[in-house]
Amino acid sequence: MFVCKNCKSIDKFELMFSPEYRGEKHLEINYNDKNEIIITADGYTFVPDLRFMNEHAVCKYCGQIYMWDYEGMKR
Ligand SMILES: [Zn+2]
């Protein structure tokens, strides 16, 4: 999970797309056998990491963009 540095909300991966994103925004969220989140967005499947979050994910609680840090377990 990731935490918003602005409002400290934890995103449970109801990830929002960047306002500039121009795809269909069809999103599927699954888990692999390591309990990692797998996101499929418009046919593109990936395991989101902090870099991805800080490039693409908007906080749905406060609207802050690209302000993420790892929550809980440190890597
Ligand atoms: Zn926030």
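Taken together, the values in this text are just the output of simple stated rules run on the coordinates, not laboratory data. These numbers were taken from a predicted model, which means no experiment stands behind them. Every residue, glycine among them, receives a Cβ derived from its backbone with ideal geometry; neighbour counts consider all protein chains shown.
What the table below lists for this structure:
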quantity: Share of alpha-carbon pairs per 10 Å distance bin for segment 2-70, given as whole %; calculated: 21, 55, 24, 1
quantity: Relative contact order of segment 2-70, defined on C-alpha pairs under 8 angstrom at six or more residues apart (%); calculated: 37
quantity: Inter-probe distance in nm under a simple model that places probes 7 Å from Cα toward Cβ, at CYS7 and ARG51; calculated: 2.8
